[in-house]
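Each value in this text was obtained by applying a stated rule to the coordinates, not by laboratory testing. As the structure is a computational prediction, the values presented were derived from the model and not from experiment. For neighbour counting, all protein chains shown are included, and Cβ atoms are generated from backbone atoms with ideal geometry for every residue, glycine included.
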Amino acid sequence: MSDGSMIELIRDAASKATARGDTIAARNYYRAVLAQQPHDVDAMLALAQLIPVVNERQRLIAQAQVLEPDNPAVLAAATENEKHITQGLKIILVPTNDTQQSNRLDVIPPVPAKPMVMCAVHATMEATLRCTSCDRPMCIRCTIPNEVGQLCSTCRYKRIPERYRSTIQHWMIAGGITTALATIIPIPLVFLLSIPFIGPMLYLAGGMLIGSLSAQITLKLTAKRGRAMVMASGIGVGLGALIAMIILFGSHISLMILLLTGISIALAIRNLQQTLH
């Protein structure tokens, strides 16, 4: 998933948390957005509306004014905050699911600051979110947005279907199979290259045969699929083709052989992707 998509998911979670009155979660989500996009004026203003401390609001609004001084929303937020300062307020009551929705501003006692929670993986970074599955504290770098919320890498891995959970042992099997086939199959086919037109076509068809056979054998032996398996098999195809060319031609590899071998490798990888993806 791209960084932009992840930010949009976090922003959507912040909006939903705000709508249900969970201001603590909403603030954490908006802070996570700003950690990735520090110049996001909309996130600054949304976070400012959720922070009860006037001075902290003022800091966020001031940053937004530097970035977009003519933005009507920024000007309105600055005016409102100046009104609070004029009234001598230091803390504003922010409505939550435990308070009535109201425009009334009251002075409330300061809330003791909570101890900072650090990320379970990156000990030097503050945990702005928690895994919705295991409640593990996470920083923005560890967060993996999901349809059920944000997950840590461990919980995300548990949700991957078994057939896509490959290990280095499976990759070695896939690579070894394709290396062997890509080394052996070209040897009889190279003698067909002397046949006009038909010979090169058969040589190229060998690439498709390598991809199809190695994918089927890999599935039989490992029952694993996925991008990692395709990559391991693709490396095996390239390595096997190189070994075959050295065996057959030594240092006398012509440009035509290189071109045909390159196309053959591409066809093999395409077949691998279709079967193992």
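The residue list Met229, Ile184, Ala64 was ranked by how far each Cα lies along the charge dipole of the chain toward its positive end, using unit charges on Cβ atoms, and Ile184 comes out on top.
Its Cα centre serving as origin, the chain has a Cβ charge dipole (Lys and Arg +1, Asp and Glu -1) of approximately 960 debye. Modelled spin labels at His122 and His252, positioned 7 Å past Cα toward Cβ, are 5.8 nm from each other. The simple spin-label model puts a point 7 Å past each Cα toward its Cβ; for Ala62 and Ile263 those points are separated by 6.7 nm.
Here the chain was treated as a single set of alpha-carbon atoms; its pair distances binned every 10 Å from 0 give 6, 20, 19, 14, 11, 12, 10, 5, 2, 0 percent.
When the chain is described by a simple charge dipole with +1 on each Lys and Arg Cβ and -1 on each Asp and Glu Cβ, the residue from Ala26, Ile51, Ile195 located farthest towards its positive end is Ile195. In loop segments of segment 25-63 as defined by DSSP, there are no trypsin sites (Lys or Arg not before Pro) with at most 16 further C-beta atoms inside 10 Å of their C-beta. Placing R0 at 35 angstrom, the Cβ-Cβ distance between Ala205 and Tyr157 gives a FRET efficiency of 0.35 after rounding to 0.05.
Estimated at 0.36 nm per residue, the fully extended path between Leu193 and Tyr164 surpasses their Cα-Cα distance by 6.5 nm. Report the residue, chosen from Ile51, Ile253, Ile184, that carries the largest GNM mean-square fluctuation when the chain is represented by alpha-carbon nodes joined by springs under 10 Å. Result: Ile253 has the largest fluctuation of those listed. Every helix of 4 or more DSSP H residues in the chain counts as -39500 (n - 2.57), and over all residues that averages to -20000 deg cm²/dmol at 222 nm.
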